[in-house]
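Worksheet: one structure, shown below.
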Amino acid sequence: MQLASRFSSHAAHLPAQLSCLRDTRGVLRLSGADLVHFLQGLVTNDVHGVSNSIAPAVYTAILSPQGRYLHDMFLHSQPGDVPTALADVDQQAVPDLLRLLRRYKLRAKVDIADVSSEYDVWVRFGDASTSGTAATGRPAASWPYDPRLAALGQRAILPSEQLSSSDPAAASSTLSMPSRSQTSLPRADVHAYRRWRIMHGIAEGDTEIPSGKAVPLEYNLDGLNAISFTKGCYVGQELIARTHYRGVVRKRLMPFRLQPREAGVGELVGQPILAESSGTRTTGKVEVLDGDIGMGVLRLQQAAAAVAGKDVLRVAGSGVQLTPWIPRWWPPEWLEGTSADADGQ
Amino acid sequence: MLRSPVEAEVEEPGLVLTQDAIERMQELTREDDKASLLRLTVEAGGCSGFQYVFGLDNKVNEDDRVFEQGGARLVTDMVSLEHVKGATVDWTTDLIKSAFEVTNNPNAAGGCGCGSSFEPKM
């Protein structure tokens, strides 16, 4: 079997485009002298750089003491005398994040505020989004890169007043924020970005990652720069470290395409997935769907066999077939022992 | 004699020091004249959500409460006290560490393996 054929050509070509995630993402402002110390004990990634205003964005998660995913966030350092970060978070997670952070605050010198009405989250993605040159001639580097994966392009938190300005470039020059310099690029709706993420097999936010239930490694957070295994203790760390160092992750979130394509979308979310080889034993569950593509947490053994054409996956109780593929960015060791394991051939 | 309900409400559970903790505290204050207090603080972090942090201090702040036992003084701030009231502070000596520890914390629903952090009851 050719190594390349393990991977799909599904990563469709898409011209570079912009999308404003105002309708799905909220923004929190975290600031105070104790910011880094406070966050370091709470989140899965190493955030010591957050006090440095030129540090790159950090993707990270907050877990329950039992090690289940609660919320994820992108932290962007802000300039100023007091350590400050803006957090790009799922809009529906905002109330619980405020409650959680305030409960953990105790006496720490940290202020936590919902500033969703002042800022919008923007993404620039598509084929040319990582090439570093913007259509306007301005350096695309003025937007932070998505810390998860180069293929996801760039992701920024911009003041929302820029939207009402007739000249966004002029408005941005008065702010020390990354400028929305690529306004001449085509605007895409939220769906286009979501589909781009699904193509790469990447879920984000509580909308797609079940809060309080999801096992972080099954949602591939270990491959998306969300977890530091060297930073020391944080809430939920014991389970993560044990699974990482001693265990095997048998299920992971994978993208798939539905056949027939016109399969009803809504009613399939949450449905179990069965493999022809495994009878009634479930192989996974449909978690996210957008049109004919989606993602589910699948047993790697059966999913890899289906990728290789040696097994067939179906949504339980329907005739709908799923064709999964292995995202290009996956490290080969995730597939060790499966039929997609090159060493095992 | 039965206490009236009003008195019972005023009675707040504090912190208890074990004999080992008192003796260790007396040793420490003899060794270092700048340290007259053992300070217990609760902060976010550790595997289970909240962790105990012990330190030596010599200053009592406005929102502190001091618990004195056998000449040893343990101090904690009111915010931290909410999470440890009714607990016992012990000095433990074993193979991997010798340290002050919080034991029998009625506010904790669970702890991590090393005992330095806990999960609060909701």
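The values are calculated or read from the model by the stated rules, or taken from the named source; none is laboratory data. Treat the numbers as computed from the prediction; the structure is a model and nothing was measured. Cβ sites come from the backbone with ideal geometry, for glycine too, and all protein chains shown count toward neighbours.
Summary of computed values
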{"read-out": "Pairs where the first residue, in the stretch A:42-56, is assigned by TED's automatic domain parsing to the domain that holds A:Val110 and hydrophobic (A, V, I, L, M, F, W, C) and the second is modelled with pLDDT of 90 or more and part of a helix (DSSP H, G or I), C-beta under 7 Å, 6+ apart", "value": "A:Leu42/A:Tyr104; A:Val47/A:Val36; A:Val47/A:Leu39; A:Val47/A:Gln40; A:Val50/A:Leu35; A:Val50/A:Val36; A:Val50/A:Leu39"}
{"read-out": "Qualifying positions in the stretch A:96-116 - free of Cβ contacts under 8 Å to residues at least 60 places away in the same chain and within 16 Å of A:Ala61 (Cα to Cα)", "value": "A:Arg99, A:Leu100"}
{"read-out": "Residue check, A:Asp127 modelled with pLDDT of 95 or more and outside any strand (DSSP E or B)", "value": "no"}
{"read-out": "Cross-chain or 6+ apart pairs with Cβ under 7 Å, the stretch A:196-209 first and under 17 Å from A:Asp292 (Cα atoms), then among the basic types (Lys, Arg)", "value": "A:Ile202/A:Arg148"}
{"read-out": "Criterion violated by A:Thr136 - all others in (1) modelled with pLDDT of 75 or more; (2) touching a helix residue (DSSP H, G or I) at 6+ places or on another chain (Cβ under 9 Å); (3) not in a strand (DSSP E or B) satisfied", "value": "(1)"}
{"read-out": "Breaking point among (1) farther than 18 Å from B:Arg24 by Cα; (2) more than 14 Å from chain A (Cβ to nearest Cβ); (3) surrounded by fewer than 15 Cβ atoms within 10 Å (Cβ to Cβ); (4) touching a Phe, Trp or Tyr at 6+ places or on another chain (Cβ under 9 Å), for B:Ala109", "value": "(2)"}
{"read-out": "Any hit, the stretch B:54-75, residues being closer than 19 Å to B:Ile22 by Cα and within 11 Å of another protein chain (Cβ to nearest Cβ)", "value": "no"}
{"read-out": "Residue count for the stretch A:62-74, restricted to those that are in contact with a helix residue (DSSP H, G or I) (Cβ under 6 Å, 6 or more places away or on another chain) and modelled with pLDDT of 95 or more", "value": "2"}
{"read-out": "Lone unmet requirement of (1) touching a His at 6+ places or on another chain (Cβ under 9 Å); (2) touching a residue at least 24 places away in the same chain (Cβ under 8 Å) for A:Ala275", "value": "(1)"}
